[in-house]
Amino acid sequence: MDEELNITVDPACLRLEAPLALDIIMQLDTFGLCLYSMLSFMSLLTLLLYLEQCVYIYKKVPYPKKISIIWISGASPVVATMACCGMWIPRAIMITDMTSNCYFAVVVYKVLVLLIEELGGMRDFLQRFSGKTFRINTGPCCCCCACLPRVPVSRGMLFLMKLGSMQYAVLKTVFSVLSVILWMNGTFHLTNLKINSAMIWINPFVGVLLVISIWPIGIVFMNTKILMRSLKIIPKYALYQLTLVLCQLQTSIINILALNGCIACAPPLSSYARGSMLSQQILIMEMFIISLFTRSLYRRLYDPLPSEEHDNEQNDKAALKAALEEHDV
């Protein structure tokens, strides 16, 4: 006769709600206290370095470029600070995530503004590229659509691109406030994957808005990156893309794994709560490293880009030199 196995499951593993902050603190051992202290120090150091960088940029960089740089440089400190708050207060993770995501939604728009300002602003941008065309088959929307025609640069096109990036900053904030209201009412919950839940409709729609908002940035970057190579625009753009992936994609993957039970329960944290906790801790370390690279790229002065007339003179000289060499041969 087979013996029955009595398996005792901790009630905390069956609870989707995150524990209270006091419960987390009381359960910490020596390693846990050292880990939490180290991550809190990294978050604080990230914030202090950013504040010092803001003072430098405010004094050295002209307006309005310095506003965009301050916003963009603040992405990693804001995410790290909110992740630290979510690590110590697990029940506030939804609020902290939405706060950092709303801030980053503004950063997405500011990246496009900075690209335009590095080329002299809207007026100089239109003068430099007047009569030229941009290819729009760039990621993430149309990177595989090679048949798309090139679009002439105009004031209307530039307005549509700025509008495409700005809509995410506005609508993301609106849907975040709506999600908090529904969450307080018990209607919105990240673990509810039913077709009639508010989360299953709001989050995918916000994801579509994000894809639309980063498309104009890709268009401007791919068509102007050669001109701005001296401004280290490629590593700056890479850091922005990396922050986007870590804040959006990485967090979503960890939460999905936690919902499927792939992350083990560790009382008083359930599987989902532990997944959210791991996500916050990983983000703090990643944002600390990114903030150091961001500081090295933005806390410095770059020579302004040459004017369009200078570019034309250089091209004419190169063409004349090539013609003389060909004639001598």
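Residues in segment 260-282 that are in contact with a Ser or Thr (Cβ under 6 Å, 6 or more places away or on another chain) and either closer than 21 Å to Met38 by Cα or surrounded by fewer than 21 Cβ atoms within 10 Å (Cβ to Cβ) (or both): Gly261, Cys265, Ser279.
Residues in segment 230-278 that are in a helix (DSSP H, G or I), among the hydrophobic types (A, V, I, L, M, F, W, C) and over 25 Å from Arg299 (Cα atoms): Leu249, Ile253, Ile254, Ile256, Leu257, Ala258, Leu259, Ala273, Met277, Leu278. In segment 210-229, the residues that are part of a helix (DSSP H, G or I) form Cβ pairs under 6 Å with partners that are among the aromatic types (Phe, Trp, Tyr) and modelled with pLDDT of 90 or more, at six or more places apart or across chains, as follows: Leu210/Tyr168; Ser213/Tyr168; Phe221/Tyr237. Put simply, of Leu112, Leu51, Leu28, Leu45 the only residue that is surrounded by fewer than 16 Cβ atoms within 10 Å (Cβ to Cβ), hydrophobic (A, V, I, L, M, F, W, C) and either touching a strand residue (DSSP E or B) at 6+ places or on another chain (Cβ under 9 Å) or in contact (Cβ under 8 Å) with a residue 40 or more places away in the chain (or both) is Leu45. Is it true that some residue in segment 128-150 is in a helix (DSSP H, G or I) and either surrounded by fewer than 17 Cβ atoms within 10 Å (Cβ to Cβ) or out of contact with any Pro (no Cβ under 9 Å at 6 or more places or on another chain) (or both)? Yes: one or more hits. Taking (1) part of a helix (DSSP H, G or I); (2) surrounded by fewer than 18 Cβ atoms within 10 Å (Cβ to Cβ); (3) touching a helix residue (DSSP H, G or I) at 6+ places or on another chain (Cβ under 7 Å) in turn, Val177 satisfies each apart from (3). Across segment 233-247, what is the total count of residues that are surrounded by 15 or more Cβ atoms within 10 Å (Cβ to Cβ) and in contact with a Leu (Cβ under 8 Å, 6 or more places away or on another chain)? Final tally of qualifying residues: 5. Among the conditions (1) of a type outside the set (D, E, K, R); (2) over 27 Å from Cys265 (Cβ atoms); (3) surrounded by 13 or more Cβ atoms within 10 Å (Cβ to Cβ); (4) at pLDDT 95 or above, the only one that Cys102 does not satisfy is (4). Any residue at all in segment 62-81 that's surrounded by fewer than 17 Cβ atoms within 10 Å (Cβ to Cβ) and assigned to a helix (DSSP H, G or I)? Looking for residues that are surrounded by fewer than 17 Cβ atoms within 10 Å (Cβ to Cβ) and assigned to a helix (DSSP H, G or I), one finds at least one in segment 62-81, hence yes.
Residues considered: Phe125, Phe129. Of these, the only one that is among the aromatic types (Phe, Trp, Tyr) and under 25 Å from Val170 (Cβ atoms) is Phe125. Looking only at segment 283-306, residues that are surrounded by 15 or more Cβ atoms within 10 Å (Cβ to Cβ) and either among the basic types (Lys, Arg) or without any contact (Cβ under 8 Å) to a residue 60 or more places away in the chain (or both) come to 4 in all.
The values are calculated or read from the model by the stated rules, or taken from the named source; none is laboratory data. Quick caveat: nothing in here was measured; it's all calculated off a predicted structure. Note: ideal-geometry Cβ built from the backbone for every residue, glycine included; neighbour counts use all protein chains shown.
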